[in-house]
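*Asks:* Pasting a structure here, questions to come.
The values are calculated or read from the model by the stated rules, or taken from the named source; none is laboratory data. Predicted model only: the values in this text are computed from it and were never measured. Virtual Cβ from ideal backbone geometry, glycine too; neighbours counted across all protein chains shown.
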Amino acid sequence: MLRRVLAVFEPFILALLGTVLLASFLPARGFAASVFDVLTTAGIVLLFFLHGAKLSRQALIDGARNWRLHLAVLAITFVLFPLLGLGLVSLPLLQGPIAAGLLFLTLLPSTVQSSIAFTAIARGNVAAAVCSASFSNLLGIFVTPALVALLMTAPGASAGISIESVETIALQLLLPFLLGHGLRPWLGGFVSRQKKLVTMVDRGSILLVVYTAFSAAVVEGLWQRVSGETMALLLLVCCVLLGVVLLVTYAAGRLLGFDRADAIVLLFCGSKKSLASGVPMAGVLFPAAQVGAVILPVMIFHQIQLIACAVIARRYSEHVAGEGA
């Protein structure tokens with residue numbers, strides 16, 4: 001039993017926990033924060049460039065054509081999650097901006113970089129994950145503010161969102177992927193042989209996002225605004241929310257008849273919420289005084305989903321390795 005418990009804390013999960021602790025005690029400030037913003041952006045760009053160079057043209061076409069999978073991911077992201085969020089905030093558990101943040105969390109699009117990274121680690125359909133996660137993020141730019149306007153009554157909330165968010169997704173995600181894919185005839189073989197390099201970029205980009213985003217929240221006074229009791233309750237609620245969605249996505253993959261590779265995409269893309277999209281959107285949609293509390297559930301859920309999905313991806317990878325042995 002002890003061996004199994006210790007096995008969960010593989011180096012990557014320990015790195016995640018260490019990153020959260022580092023950001024809590026030594027958050028990036030001022031010039032350092034700007035440096036980490038640049039490093040995070042560079043990591044994401046490199047991640048998409050390498051995946052673009054790695055994927056074959058046929059795999060990309062097949063991924064884009066998998067409309068049943070993409071619709072399933074969108075239904076969970078923008079229908080099931082919001083319904084669960086409405087149910088949770090109707091309970092007398094959390095109040096004020098924290099409750100608003102919990103509902104806001106359920107209205108966000110799926111993550112991109114971590115969904116693709118975990119899909120790759122689990123040996124899933126990376127091409128479909130790229131298409132599904134990217135489409136969710138692009139659609140979320142318009143759907144999330146609309147859902148906020150429809151379902152939330154936060155004073156000062158607005159359904160508008162900056163065109164800069166659209167430009168960020170295009171420049172940091174889609175353009176590097178297309179560039180890498182365009183250079184595949186020259187780089188594809190090299191990238192396919194450098195599996196360790198791709199893995200380092202996958203995991204390194206996740207750690208950079210975690211540290212940079214969590215640092216920003218800590219600098220804004222994250223731990224001074226929330227009591228330990230509220231934190232414990234919020235942690236429990238986020239765990240329950242993620243657990244329910246993971247069970248639903250796993251069951252849906254079987255019920256819809258997806259093969260193993262596509263079921264992995266549904267599991268990882270459907271169960272996640274984007275911190276990278278959530279933080280800037282909150283800054284646009286809510287008054288400045290509320291943003292810190294509103295993004296707290298997003299921050300907590302983000303850490304939980306990364307740790308849980310790291311464990312799940314590792315198990316999938318071990319299972320595939322065992323079958324190949």
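*Asks:* Output the residues belonging to region 201-240 that are within 24 Å of the chain's Cα centre (by Cα), closer than 26 Å to PHE31 by Cβ and surrounded by fewer than 18 Cβ atoms within 10 Å (Cβ to Cβ).
*Replies:* If the condition is that a residue be within 24 Å of the chain's Cα centre (by Cα), closer than 26 Å to PHE31 by Cβ and surrounded by fewer than 18 Cβ atoms within 10 Å (Cβ to Cβ), then GLY204, VAL219, GLU220, GLY221, TRP223 are the ones that fit.
*Asks:* Could you pull out every one of the helices (runs of 4 or more DSSP H) wholly within region 71-121 that has 1 or more residues that are touching a Leu at 6+ places or on another chain (Cβ under 9 Å) and over 26 Å from LEU174 (Cα atoms)? First the steps, then the outcome.
*Replies:* Working: elements: 81-89, 96-106, 113-121.
Counting at least 1 such residues, we get 81-89, 96-106.
*Asks:* Next question, about the same structure. What are the residues in region 262-280 that are of a type outside the set (Gly, Ala, Ser), at pLDDT 75 or above and assigned to a helix (DSSP H, G or I), if any? Spell out the reasoning first.
*Replies:* So in region 262-280, the residues of a type outside the set (Gly, Ala, Ser) come out as 262, 264-269, 272-273, 275, 279-280.
Going one step further and asking which of them are at pLDDT 75 or above, we end up with 262, 264-269, 272-273, 275.
Matches in region 262-280: ASP262, ILE264, VAL265, LEU266, LEU267, PHE268, CYS269, LEU275.
*Asks:* For the structure I just gave you, tell me whether PRO287 is at pLDDT below 80 and out of contact with any helix residue (DSSP H, G or I) (no Cβ under 9 Å at 6 or more places or on another chain).
*Replies:* On the way: at pLDDT below 80: yes; out of contact with any helix residue (DSSP H, G or I) (no Cβ under 9 Å at 6 or more places or on another chain): yes.
The answer is yes for PRO287.
*Asks:* A further question follows. Out of curiosity, is PHE36 at pLDDT 80 or above, in a helix (DSSP H, G or I), exposed (fewer than 13 other Cβ atoms within 10 Å of the Cβ) and not β-branched (Val, Ile, Thr)?
*Replies:* Values: at pLDDT 80 or above: yes; in a helix (DSSP H, G or I): yes; exposed (fewer than 13 other Cβ atoms within 10 Å of the Cβ): no; not β-branched (Val, Ile, Thr): yes.
For PHE36, the condition - at pLDDT 80 or above, in a helix (DSSP H, G or I), exposed (fewer than 13 other Cβ atoms within 10 Å of the Cβ) and not β-branched (Val, Ile, Thr) - is not met.
*Asks:* Looking at (1) modelled with pLDDT of 80 or more; (2) surrounded by fewer than 19 Cβ atoms within 10 Å (Cβ to Cβ); (3) closer than 19 Å to SER114 by Cβ; (4) aliphatic (A, V, I, L, M), find the lone condition where LEU197 falls short.
*Replies:* It is condition (1) that LEU197 fails.
*Asks:* For SER205, indicate whether it is closer than 19 Å to ILE116 by Cα, modelled with pLDDT of 75 or more and among the hydroxyl-bearing types (Ser, Thr, Tyr). Can you show your working first?
*Replies:* Numbers: closer than 19 Å to ILE116 by Cα: yes; modelled with pLDDT of 75 or more: yes; among the hydroxyl-bearing types (Ser, Thr, Tyr): yes.
Considered against the rule, which asks whether it is closer than 19 Å to ILE116 by Cα, modelled with pLDDT of 75 or more and among the hydroxyl-bearing types (Ser, Thr, Tyr), SER205 comes out as yes.
*Asks:* Please indicate, with yes or no, whether at least one residue in region 254-261 is touching a Leu at 6+ places or on another chain (Cβ under 9 Å), assigned to a helix (DSSP H, G or I) and surrounded by 15 or more Cβ atoms within 10 Å (Cβ to Cβ).
*Replies:* Within region 254-261, the subset touching a Leu at 6+ places or on another chain (Cβ under 9 Å) is 256, 258.
Going one step further and asking which of them are assigned to a helix (DSSP H, G or I), we end up with none.
No, that holds for no residue.
*Asks:* Criterion first (in a helix (DSSP H, G or I) and either over 29 Å from GLU220 (Cα atoms) or modelled with pLDDT under 75 (or both)) does ALA53 satisfy it? Walk me through how you get there before you give the answer.
*Replies:* Values: in a helix (DSSP H, G or I): yes; either over 29 Å from GLU220 (Cα atoms) or modelled with pLDDT under 75 (or both): yes.
Yes, satisfied.
*Asks:* Which one is farthest from the chain's Cα centre (by Cα), of the residues in region 162-186 that are farther than 18 Å from ILE116 by Cβ and either hydrophobic (A, V, I, L, M, F, W, C) or modelled with pLDDT under 75 (or both)?
*Replies:* Across region 162-186, the extreme among qualifying residues is TRP186.
*Asks:* Across region 132-156, what is the number of residues that are surrounded by fewer than 24 Cβ atoms within 10 Å (Cβ to Cβ) and either part of a helix (DSSP H, G or I) or of a type in the set (Ser, Thr, Tyr) (or both)?
*Replies:* The first filter runs over region 132-156 and keeps only residues surrounded by fewer than 24 Cβ atoms within 10 Å (Cβ to Cβ), leaving 134-135, 138-139, 141-143, 145-147, 149-156.
Narrowing the set further to residues that are either part of a helix (DSSP H, G or I) or of a type in the set (Ser, Thr, Tyr) (or both) leaves 134-135, 138-139, 141-143, 145-147, 149-151, 153.
Number satisfying all stated conditions: 14.
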